[in-house]
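Engineer: Attaching a single structure in structure tokens format; questions to follow.
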Amino acid sequence: MRNRTIRAFLLAILAVASASSSFAVVINSGNGSGNTNAPSGPNGDLGWNYVGSLNGASGVYLGGANGSGWVLTANHVGFGNFSLNGTTYSAIAGSGQQIGSIDLYAFRITVGQGTGLSLLSNLTLAGTSPAAGETLTMIGNGKDRDASKTYWSVNTGSTPNTWNESNVYNYNASGYKQLSSNSKRWGSNLADGVATVNSTSMIQTTFTQYGTANEAQAAVGDSGGGVFVPMNNGSYQLAGIMDLVGTYSGQPANTAVFGDVTYSIDVATYREQITAVTGIPEPSVWMLSLTGLGVLFATARRRI
């Protein structure tokens, strides 16, 4: 099922978890080590060449002109030098600005002229929120996962719930542990819709065992990473910025469990505010959308 009722098998009472400073895309395919090169297909690299790293987390290059450009990330990731495709670009002092009052932040970097990022066209910002069931590509920098699944027996009679590692014959939760190593990786998921979380419009995706071919869940290091959707013209657009994960009561830290949720800030809802700060896209092409489910699910949330 593509909704939160998938969590009912734990009968868990969910509570707000403590925030951590950041969360890489964990994928369910193979041994988890794949998808470290740009995806290929009719819609190009699906945003791969725009997602870089900063402050141990992620950011998305929006574009720019005259030797400088804009990076969009989570506000809790903040200002810093931006690394992409083996090159580190210096952040321009005094250029950083929070987008409205939400966990979104933009700042400028020096990109030079005629090389590297200066050759990229400005990234298209989504004008419409993703519909439920729409395929999304998630790209971020963060922790790799264990090659094998981990199984847990969860005692729901305690608050928070108690998790003990188990085996394939005696478990009621499964997923992956995150390793200490980091990689830039892409994965996919289906949009559940847009929900209101922390007074912010968020795209919601659920990590399921039998989902898309490259089923993905945000993990430590993905904060500020990009969520992209393909367009009919053979290109793609930025639909979201990864920000939070929803977890089970008592779930061990640095794990991705089937049923976990990724919350990404919905770019379409805040497009006008992003454009007002960055000038990308030009104001003449604003197409603000305010669609959303308007539902706040009771969930443990961790910053990624």
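Bear in mind these aren't lab numbers, they're just calculated from the coordinates by the rules spelled out. As the structure is a prediction and not an experimental result, all values here were calculated from the model. In this analysis, Cβ positions are derived from the backbone assuming ideal geometry, glycine residues included, and neighbour counts consider all displayed protein chains.
Engineer: Roughly how far apart, in whole Å, are the Cα centres of the range 213-276 and the range 165-201?
Structural biologist: 11
Engineer: Ile99's amide H: which non-local residues (gap 5+, or another chain) put their own amide H closer than 5 Å, with H modeled 1.01 Å from N in plane and none for Pro or chain starts?
Structural biologist: Distant-sequence amide H within range of Ile99: Leu104, Tyr105, Ala106.
Engineer: Would you work out which of Thr162, Val257, Ala191 lies farthest towards the positive end of the dipole of the range 158-272, given +1 charges on the beta-carbon of Lys and Arg and -1 on that of Asp and Glu, about the Cα centre?
Structural biologist: Val257
Engineer: Listed highest first by mean packing, meaning other Cβ atoms within 10 Å per residue, what order do 243-252, 178-187, 125-134, 31-40 come in?
Structural biologist: Descending packing order for the listed peptides: 243-252, 178-187, 125-134, 31-40.
Engineer: Taking only DSSP H segments of four or more residues, each worth -39500 (n - 2.57), what value at 222 nm results for the chain once the sum is divided by all its residues, to the nearest 500 deg cm²/dmol?
Structural biologist: Mean residue ellipticity, 222 nm, calculated: -500 deg cm²/dmol.
Engineer: Run the reach check for Lys143 against aspartates and glutamates, Cα to Cα strictly under 13 Å, same-chain hits fewer than 8 apart removed. What comes back?
Structural biologist: Hits, sequence-local ones excluded: Asp222.
Engineer: Write out the chymotrypsin sites (Phe, Trp or Tyr not before Pro) in the range 193-237 meeting two conditions: DSSP loop, and at most 14 other Cβ atoms within 10 Å of their Cβ.
Structural biologist: Those that pass, being in a loop and sparsely packed, are Tyr210.
Engineer: Quick one: what are the phi-derived ³J(HN,Hα) couplings along the range 45-50, Karplus 6.51/-1.76/1.60 with θ = phi - 60°, whole Hz, x for glycine and proline?
Structural biologist: Using θ = phi - 60°, the values come out as 7, 6, x, 3, 6, 10 Hz.
Engineer: Once a ≥ b ≥ c are taken as the square roots of the eigenvalues of the Cα gyration tensor of the range 85-141, is the result rounded (a/c under 1.5), prolate (a/b larger than b/c) or oblate (a/b not larger than b/c)?
Structural biologist: Oblate, because a/c is 1.5 or more while a/b does not exceed b/c.
Engineer: OK, next. Can you give the % of DSSP beta bridges in the chain that are antiparallel, to the nearest 5?
Structural biologist: 95
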